[in-house]
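The values are calculated or read from the model by the stated rules, or taken from the named source; none is laboratory data. What you are looking at is a predicted structure, and each value in this text was computed from that prediction instead of being measured. Here the Cβ is made from the backbone with ideal geometry for all residues, glycine too, and neighbour counts use every protein chain on show.
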Amino acid sequence: MLREGYPARTVRPTGRRTHEECSSGSTGRPFCVQEDAYTAGWYRASFMLALQWSGWGIGDPQLQMGMTLQRSRGRKAKDLLLRCHYVSAYDLRDAALDAHLERIDRSELRHVWGYPGAVYFLARRAAETGWCRELDAVVTWGDTLFPHFRKTIEAAFRTRVFDTYGCAEGMQISAQCGHSGLYHVHDLDVVVEYLDDDGEAVVSSNPGNLIVTRLHPGPMPLIRYRVGDVGVAGEPGCGCGRGFSTMDSIRGRETDVVVTPSGNRLIVHFFTGVLEHFPEIDTFQVTQERPDAILLRIVPGRGFDDRIRERAAVELTEKGADLRIEVETVDEIPPTPAGKRRFIVNRLPSSRS
């Protein structure tokens with residue numbers, strides 16, 4: 001309903017300048033919202049608080065692995081003020097990873113931030129090459145932090161991983177404090193409910209669909225918004241002394257990794273970072289059954305044609321998908337029997353390595 005009604009029936013005036021923000025489409029389908037500076041200020045403050053829980057402080061330089069390579073004026077200012085060394089998570093070939101490790105050494109960086117998959121491959125490369133430098137902390141966001149990701153990152157960098165959880169619709173939802181494995185909910189900005197498929201509250205310690213309400217609604221209120229993930233509520237209280245409510249775990253969407261003939265590793269945000277800029281693409285899924293090719297299934301939206309089909313494949317190739325891209329349009333992409341949407345399906349042996 002929100003998607004079909006946007007923006008005419010979902011956006012209200014606030015007296016402030018608004019701008020559009022879109023989710024990465026890691027569900028396979030991007031979603032856009034309108035926000036203003038006041039609303040954005042709240043979730044950015046929550047995120048800064050989560051970064052401080054990891055031991056980072058303003059002025060501490062860090063390496064960030066991301067997908068927004070065209071840095072706007074605002075992002076450039078952020079990079080300068082926070083001393084951020086922003087590098088591409090599109091290219092995860094060994095040579096690029098070696099350059100990032102050398103940059104950490106040269107600039108004496110003590111913090112690394114980014115998508116779990118990208119940081120995992122950086123850590124694995126560090127272990128393979130004997131790179132040895134202890135970091136103060138690693139902060140991850142935007143995707144599922146699998147147990148083997150955490151184990152590899154913590155072993156290679158001899159530090160702890162602090163995972164955060166939010167959505168690009170303008171909410172920082174929770175983050176780990178480091179004292180335990182619990183996630184602290186940003187109760188000053190969001191309310192989190194855990195519901196079953198019938199909309200009823202689940203019994204404590206049981207997994208439930210995450211339903212989130214943003215307390216600072218701005219131009220586009222999100223009330224009891226289903227984010228598409230499953231989580232488990234935590235027990236009250238934490239040894240760190242913070243009084244926020246807690247989440248025990250987040251069970252996000254499962255994903256594989258596409259490996260190209262040149263050795264590049266394409267995580268889900270590689271594809272969403274490109275395809276989110278194509279409003280003519282409603283939903284997508286990538287399947288790899290051969291080392292030299294992928295099948296991109298697309299549910300076409302309004303305005304999709306052969307020109308869009310070709311341009312999407314070209315832009316993926318230019319960003320680093322150096323393999324054959326076959327594009328197929330379909331009416332729908334069904335979820336798995338468990339009800340989850342898999343946006344990358346790799347049927348090659350050791351597809352998550």
Just for strands (runs of 3 or more DSSP E) wholly inside the range 71-144: which have at least 3 residues that are out of contact with any Leu (no Cβ under 7 Å at 6 or more places or on another chain) and modelled with pLDDT of 95 or more? 137-140
Return a yes/no flag: does the range 48-63 have any residue that is under 30 Å from Val258 (Cβ atoms), surrounded by fewer than 20 Cβ atoms within 10 Å (Cβ to Cβ) and either outside the structural domain of His269 (by TED's automatic domain parsing) or touching a Pro at 6+ places or on another chain (Cβ under 7 Å) (or both). no
Looking at (1) exposed (fewer than 13 other Cβ atoms within 10 Å of the Cβ); (2) without any contact (Cβ under 8 Å) to a residue 24 or more places away in the chain, which is the only condition Ser205 fails? (2)
Go through the range 145-184 and give me each residue that's among the β-branched types (Val, Ile, Thr) and either surrounded by fewer than 23 Cβ atoms within 10 Å (Cβ to Cβ) or assigned to a loop (DSSP other than H, G, I, E, B) (or both). Thr152, Thr159
Suppose the filter is assigned to a strand (DSSP E or B), at pLDDT 90 or above and among the aliphatic types (A, V, I, L, M); does Leu188 pass it? no
Determine if the range 212-226 includes at least one residue that is at pLDDT 95 or above and surrounded by 18 or more Cβ atoms within 10 Å (Cβ to Cβ). yes
Of all residues in the range 162-200, count the ones that are farther than 27 Å from Thr39 by Cβ and of a type outside the set (D, E, K, R). 4
